[in-house]
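Colleague: What follows is a structure written as C-alpha cells; I'll ask about it next.
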Amino acid sequence: MSSENTLDDEETFKILIATDVHLGYLEKDAIRGNDSYNTLKEILNCAKTNKVDFILLGGDLFHDNKPSRRCLHNCITMLRQYCMGDSPIHFNILSDQTVNFNTTQFPWVNYQDENLNISIPVFSIHGNHDDPTGAEGLCALDLLGASGLINHFGHSNSVERIEISPILMQKGNTKLALYGLGSIPDERLYRMFVNKQVTMLRPKEDPDEWFNLFAIHQNRSKHGPTNYIPEQFLDDFLDLVVWGHEHECLITPTRNEQQLFYVTQPGSSVATSLSPGEATKKHIGLLRVKGRKKMNLEKIPLKTVRQFFIQDVVLADYQDLFTPDTPQVTKKVENLCHAKVTEMLEEAERERLGCPLTPEKPLIRLRVDYSGGFDTFNTSRFSQKFVDRVANPKDIIHFLRRREQKEDIKDEINVDYGKLVKTTAAEGLRVEDLVKQYFEAAEQTVQLSLLTEQGMGKAIQEFVDKDEKDAIEELITYQLEKTQRHLQARGVTTEQDIDTEIRRFRDSKKNTTEEENEIREAINRAKAHRLERGENPGDKDISDDFADVAMDSDEGSVAFPPPTRGRGRGGRARGGRGRGRGATASEPKPAGRGRSQKSSTTQSRSIMQAFQATPQRSSRTGSTPSYTADDITIDDSDEDIPVVKATRPPSKPAPSSSFTKYSSQSQSQSQSSRGVAFDDSDDDEDNPFKGPSRSSRR
C-alpha cells in the first residue's frame, strides 16, 4: 500500500491540480467581487504549504478573454507572492523546451531563467474563456508567461493537424511526461480526432518508463452529436487525464474500462452559475507520483468558496396544502418558498460553524415548478426579505414550467407541438447555436446564399466575445471575392445559372476543412485590418470595463457590447453592420469609403451586380505556419544532475533519444508492462491511488 508518508521522498512528484479558477468573475459585485481572488490565494497558499514541485492548471484561469486591470494586478501580485522564492527545484526538464513553450520569446521553463527566482513553477493550458485571439494569437496567459510567472503550454497553432509534444520531467528515478491541449472548438477537435489528425508524441527510448499525465479543456459531457470529446478518443497509453472545463467537482479518479486510464475532474474553484453541478463541494487535488506505477491523489476541500444550496419545489406535489383553486393560493405558495429558503439558510449556518474563511452570505437558489395552473408571485418583493442574508438576493427564486406533452391531433396536418412549445430562455446556448437555430427556423427567402451557418456563427462569436468589429464584414467580403472568382472560372453568365452555381459551391464546403480555413482567413483579415488602423487589442484588454454577466457554466449567455462609432462611415454604428442576404437595416445609410451598403430590400445588390463590380479592398492574405514532423531529441542519460536552479538551457538538446508518433486512433500496444496501481476501497476516501495491487491493466 502506498500512503502519503511513503510517497513523500526525493523521487516523488508532488503536483497541485486545479482547473477553472475564473479569476475576475463578478469582480464588480459588491458581495461576490473578491470570491475568485480569495480562492486563488487559498490554492497558491496550499501549494506553498505542501511544498509541491509544481502547480498544474487545467484552463480558464481568467473568466474574461480580456481581463481587467484589477484582475491582472491581483493575479500577478499573488503569483509573485507565493511562487517566487529561494526554495530549490528538485526536478529537471529533458525535452526540447522550444517546442513545449512555443508561444513566447523566452522558450524555456521560468525556473531556469537566470533573471528569475522561482520556487513553485506553474504550468497551465488555456481554456475557452482565456483562449488566444488577435492577429498574434495571444491570450492573457501569454502576458503572465512573458513576465516569467507561469509556463503556458498546450497551444496548437495549426488547424490542419495537432501534434502534442510532452514536457518530459525527471525527479530521481521517476519520469513524468506532461501532455497538454488548450481549448479548441469541440466540433473541430471532434472532427480532427475522427480524421486521425491528432497525434501524441512519445519518447522512442523506454516509452513504458514514463508516467503519462494529460491536461485537457473540452466538453466531457455530451451536449450534441459532436459537441464534446469522448474519452475513447484519447490515447490508451495515458495514465491520468486531468479534465478541465466541466464545473462539477468529480475529483475522485474514475477508470475508463475501454482505454484503461483514469480521469479526474477537479471542477471549478468558484460557482459561475446557479445550477446543480455547481452545488457540489469544491476541491483541488494533491497528486503524488513515484515511479511508473505508484500514484496517490489527495482531495483538498476549499474553505474560501462561497456556500451554494439549491432545491427544487414542484407545487403540484403539495395538494394537501393548496391547489390552483384555493383562495389566496399565491400567498400560500410564497409562504412555502419562504420556509424552503429559510431552511437552506439554517443549513448553511450550521455548516459554516468552525470555518472562519467561508464567506458569511451563501448562494441560495429555489427552482419552483408552477405547472398545473399555478401563478407566480413578485420575486423582487420576495427577495427583499433576504437581502441581508444571501449573496444573490436578485435571483433566489427561479420559476419554471414543465413542457406539456401534447397528444397527436389527427387532422389534415400533423403538428408536432413538442417542437413548437419550447422555453424562450437561451440558457446554455452559444452564439453559433443561436445563429444555427435562427436559420433552421427561418423562411427560405431569408436563408444565407454566400455564407454557411457555421461561418456566420463564428464571425458573430468573434464580434461578441472578442470585439472583432470587422469579422462579419470581412467574412462576407472574402466569400464574395472567392465566389466571384469561382463563377469567372466556370464561365457562368445567366442569373439563374449563377444562383444555382452559388448554392452548389456553398453546399460543397459545408463541414469541411476548407470551410474552417476560409473562416480563419477572413478573421485574420479582420484582425490585420484593425492593426492597420492602429487599434491594439492589448491596450483595450486592460482599460476596457465590461458589465458583469452571470455565465452558466462555460456555455452561458453572452452580453453584446454596445455599438461604437464607425471610422467615418456616415452615422452607421460598426456594431450594427450586417452584410448577409438575410440582414436588413432600419433605414438607408450613406456608404463610406466607396463601398456600397446592403441595408434594405430597395438597396440590396444582386449577385450579378456584385459580380460585375471590382472589389475595392485588396486581399490581405495571412499565412498559417506549418509544422513538420521532425524528430525531437531529448537527453535522458543517467548522468547525475545537481538539484539547483539551472541557467538558460541550450537551444538544442543532446541527441540521445527521440519521439515517436502515437496517433490517437492507432492500434493499442501491448498492455502487459503498463498500468497504474489503484485501490478503490472505501477505507481512505482521500487516497484513491494506492499501492501496486496489480501488475497490468488487463
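The values are calculated or read from the model by the stated rules, or taken from the named source; none is laboratory data. Remember, it's a predicted structure, so these values are computed and weren't measured experimentally. Here the Cβ positions follow ideal geometry from the backbone for every residue, glycine too, while neighbour counts run over all protein chains shown. With ligands, DNA and RNA removed, areas are computed over all heavy atoms of the protein, side chains included. Shrake-Rupley method; radii C 1.70, N 1.55, O 1.52, S 1.80 Å.
Colleague: Specify which of the listed residues (E481, E521, E501, E515) is of a type outside the set (G, A, S), within 20 Å of E136 (Cα to Cα) and in a helix (DSSP H, G or I).
Modeller: It is E521.
Colleague: Restricting to segment 351-395, name every residue that is farther than 25 Å from V314 by Cβ, of a type outside the set (V, I, T) and open to solvent by less than 50 Å² (accessible area, probe 1.4 Å).
Modeller: R352, P359, A391
Colleague: Which condition breaks for A339 when tested against (1) buried (at least 17 other Cβ atoms within 10 Å of the Cβ); (2) at pLDDT 95 or above; (3) among the aliphatic types (A, V, I, L, M)?
Modeller: (1)
Colleague: If I filter segment 492-518 down to residues being without any contact (Cβ under 8 Å) to a residue 24 or more places away in the chain and surrounded by 14 or more Cβ atoms within 10 Å (Cβ to Cβ), which single residue comes out as farthest from Q479 (Cα to Cα)?
Modeller: Checking each candidate, the answer is V492.
Colleague: Further, regarding this structure: What single numbered condition from (1) of a type in the set (S, T, N, Q); (2) surrounded by fewer than 20 Cβ atoms within 10 Å (Cβ to Cβ); (3) farther than 21 Å from I300 by Cβ; (4) in contact with a helix residue (DSSP H, G or I) (Cβ under 8 Å, 6 or more places away or on another chain) fails to hold for Q81?
Modeller: (3)
Colleague: Oh, and also: Considering only segment 461-491, state which residues are within 27 Å of the chain's Cα centre (by Cα) and either without any contact (Cβ under 8 Å) to a residue 40 or more places away in the chain or open to solvent by 70 Å² or more (accessible area, probe 1.4 Å) (or both).
Modeller: Once the filter is applied, which keeps residues that are within 27 Å of the chain's Cα centre (by Cα) and either without any contact (Cβ under 8 Å) to a residue 40 or more places away in the chain or open to solvent by 70 Å² or more (accessible area, probe 1.4 Å) (or both), segment 461-491 yields only Q461.
Colleague: Going through segment 159-200 one residue at a time, which ones are touching a helix residue (DSSP H, G or I) at 6+ places or on another chain (Cβ under 7 Å) and open to solvent by less than 10 Å² (accessible area, probe 1.4 Å)?
Modeller: Within segment 159-200, I162, I167, F193, V198 qualify.
Colleague: Can you confirm whether segment 121-132 contains a residue that is within 18 Å of D60 (Cβ to Cβ), among the hydroxyl-bearing types (S, T, Y), open to solvent by less than 20 Å² (accessible area, probe 1.4 Å) and not in a loop (DSSP other than H, G, I, E, B)?
Modeller: Within segment 121-132 (the criterion being within 18 Å of D60 (Cβ to Cβ), among the hydroxyl-bearing types (S, T, Y), open to solvent by less than 20 Å² (accessible area, probe 1.4 Å) and not in a loop (DSSP other than H, G, I, E, B)), the answer is yes, since at least one residue qualifies.
Colleague: Moving on. So, T252, is that one of a type in the set (S, T, Y), at pLDDT 95 or above and open to solvent by 30 Å² or more (accessible area, probe 1.4 Å) or not?
Modeller: Judged against the criteria, T252 is a match.
Colleague: Also: Any residue in segment 104-121 that is within 16 Å of I55 (Cα to Cα) and hydroxyl-bearing (S, T, Y) sitting within a Cβ distance under 6 Å of a residue that is open to solvent by 10 Å² or more (accessible area, probe 1.4 Å) and in a loop (DSSP other than H, G, I, E, B)? List the pairs, counting only those 6 or more apart or interchain.
Modeller: Listed by first residue and then by second, the contacts come to S119/G85; S119/S87.
Colleague: E257: open to solvent by 20 Å² or more (accessible area, probe 1.4 Å), free of Cβ contacts under 8 Å to residues at least 60 places away in the same chain and closer than 17 Å to Y179 by Cα, yes or no?
Modeller: No, not satisfied.
Colleague: Sort through E334, E278 and tell me the only one that's surrounded by 15 or more Cβ atoms within 10 Å (Cβ to Cβ), charged (D, E, K, R) and in contact with a Gly (Cβ under 9 Å, 6 or more places away or on another chain).
Modeller: E278
Colleague: Specify which of the listed residues (G568, G538, G556) is farther than 30 Å from R32 by Cα, modelled with pLDDT under 50 and either among the small types (G, A, S) or not in a loop (DSSP other than H, G, I, E, B) (or both).
Modeller: Only one candidate passes the filter, namely G568.
Colleague: Any idea how many residues of segment 90-110 are more than 20 Å from E163 (Cβ to Cβ), open to solvent by 30 Å² or more (accessible area, probe 1.4 Å) and in a helix (DSSP H, G or I)?
Modeller: Number of matching residues: 0.
Colleague: Considering only residues of segment 47-68 that are part of a helix (DSSP H, G or I) and open to solvent by 20 Å² or more (accessible area, probe 1.4 Å), which is farthest from I89 (Cα to Cα)?
Modeller: Top of the filtered list is T49.
Colleague: Is it the case, given these coordinates, that L321 is more than 16 Å from R365 (Cα to Cα), surrounded by 17 or more Cβ atoms within 10 Å (Cβ to Cβ) and aliphatic (A, V, I, L, M)?
Modeller: Taking the combined requirement at face value, the residue does not satisfy it.
Colleague: Now for a different question. Hey, does segment 159-177 have a residue that's closer than 25 Å to N50 by Cβ, in a strand (DSSP E or B) and touching a Pro at 6+ places or on another chain (Cβ under 6 Å)?
Modeller: Residues of segment 159-177 closer than 25 Å to N50 by Cβ: 166-177.
Among the residues that remain, those that are also in a strand (DSSP E or B) are: 167-171, 174-177.
After this cut, where a residue has to be touching a Pro at 6+ places or on another chain (Cβ under 6 Å) as well, the list is 177.
Yes, the conditions are met somewhere in segment 159-177.
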